[in-house]
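Notes for the one structure printed next.
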Amino acid sequence: MNNPQSQPDSTAFVHPIEAEFARILDYYGIQWEYEPHTFTLTTDDEGNVTEAFSPDFYLPQQDLYVELTIMRPKLITKKNRKIQRLQELYPHINIKLFKRSDLRDMMIKYGIDEQAANLLGTDAQTNES
Amino acid sequence: MSHYYPPEKYGQLNDDVSRVLLSTEEIEQRVRELGDQISRDYVELNPLLVGVLKGGMTFMADLLRMITIPIEVDFMAVSSYSRETRDRGLVRMQKDLDEPINGRHVLFIEHIIDTGLTLNYLLHNLKVRNPASLKVCVLFDKSRRRLVDVPLAYKGFDLPDRFVVGYGLDFRERYRNLPYVGILKSEVLHANNNGS
């Protein structure tokens, strides 16, 4: 499973968690592309794009887009709406949202403490006792 | 009736759990059902059950005693992604199978699948060895986080999107010995990640 398209050290990631995610994919031999496509969500009367969405990753072998967000659960309404709109307009597109709690659990699982610590404080894991 | 101790017997480990998701009895019952099904499906095939160390050993130990046909067992271990291993490149095999599997009916036993990254890697590794068949039995499935599709022939439970421990599932190598699956208290998760 070669990985010719992956270049985590030379890609200009917006957030460090994206670089870590790319390194995890590389480690397990999964090809990825960073923000390769932009999808138009809305246009004005003259056809100009007024809203667009570029998912963070595309995994070509899986034909899957992955969007990462470190926003707290109460603040991801806009992101959820964009993904919902994307799915309405492009029903053939497979996309998965990795939420703050997903990324936190992933970093804990792999022992990446510095990234996990940055993602604590979410209300995604509550004490239900 | 379970032959395991009640949860409170596990002291601090049990105190760190906010809620039990799957009781010991529920897990035992489902493992028995999986064992029955595998016994029926693999009759006269002499399957090789392949487990993954370390997390999968609990499920493997219980499952194989619920299978009533002749079987053989082997284990694999691979390096997981970590701060220490990430600069070394790809996954490294830490323990390979003891015998060749070409022509064998292999049933891969894993305790949990979430992203599917590790399982996908291992299945690719096994497929090139030309087994007669290669199927997967997973006890716990966190499908919402799946990045790589892996066909599951046998599945025990769907798990919610929470940080769970017990029955082989760990947090910093602890809690694997809890005989049930529970949600770890958030303060335990936070305390450990703040270095306290």
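Here the protein assembly as shown is treated with +1 on each Lys and Arg Cβ and -1 on each Asp and Glu Cβ, and its dipole about the Cα centre works out to around 320 debye.
Of all aspartates and glutamates in the structure, the ones whose alpha carbon falls short of 12 Å from that of B:LYS135, not counting any fewer than 8 places away in one chain, are B:ASP41, B:GLU110.
Quick one: compute the contact order of segment A:25-106, relative version, from alpha carbon pairs under 8 angstrom and 6+ residues apart, as a percent. Averaging sequence separation for qualifying contacts and normalising by length gives 26 percent for segment A:25-106. Scanning chain A for long hydrophobic helices, with DSSP H runs required to stretch 15 angstrom or more by C-alpha along their axis and to average at least 0.0 on the Kyte-Doolittle scale, returns A:16-27. Is the shape of segment B:1-64 best called rounded, prolate or oblate, per the rule: a/c under 1.5 gives rounded, else a/b larger than b/c gives prolate, else oblate, with a ≥ b ≥ c the square roots of the Cα gyration tensor eigenvalues? Judged from the Cα gyration tensor, segment B:1-64 comes out prolate (a/c at least 1.5, a/b above b/c).
Around the amide H of B:GLY156, modelled in the peptide plane, lie the amide H atoms of B:VAL138, B:LEU139, B:PHE140, all under 5 Å away and 5 or more residues distant in sequence or on another chain.
What you get for segment A:1-103, charging only the Cβ of Lys and Arg (+1) and of Asp and Glu (-1), is a dipole of about 620 debye around the Cα centre.
Beta bridges from DSSP with both residues in chain B: antiparallel share about 30 percent, rounded to the nearest 5. For peptide A:24-33, the mean count of partner chain Cβ atoms within 10 Å of a residue's Cβ comes to 6.
Projecting the Cα atoms of B:VAL150, B:LEU63, B:LEU169 onto the charge dipole of chain B, computed from C-beta unit charges around the Cα centre, puts B:VAL150 farthest toward the positive end. Across all C-alpha atoms in chain A, the radius of gyration and Dmax reach 16.1, 56 Å. For the protein assembly as shown, the share of DSSP beta bridges that are antiparallel, to the nearest 5, is 45%. From the alpha carbon centroid of segment A:52-88 to that of segment B:140-179 is 24 Å. Taken about its Cα centre, chain B carries a charge dipole of about 540 debye when Lys and Arg each add +1 at the Cβ and Asp and Glu each add -1 at the Cβ. Under 5 Å from the amide H of A:LYS96 lie the amide H atoms of A:TYR65, A:VAL66, A:GLU67, each residue being 5 or more positions distant or on a separate chain, with H modelled from the backbone and absent for Pro and chain starts.
From Cα pairs below 8 angstrom and at least 6 apart in sequence, can you work out the relative contact order of segment B:93-181, rounded to a whole percent? Rounded, it is 25 percent for segment B:93-181.
Laboratory data are not the source of any read-out in this text; all were calculated from the coordinates shown. All values reported here derive from a predicted model rather than from experimental measurement. With ideal geometry, Cβ positions are generated from the backbone for all residues, glycine too; neighbour counts draw on all protein chains shown.
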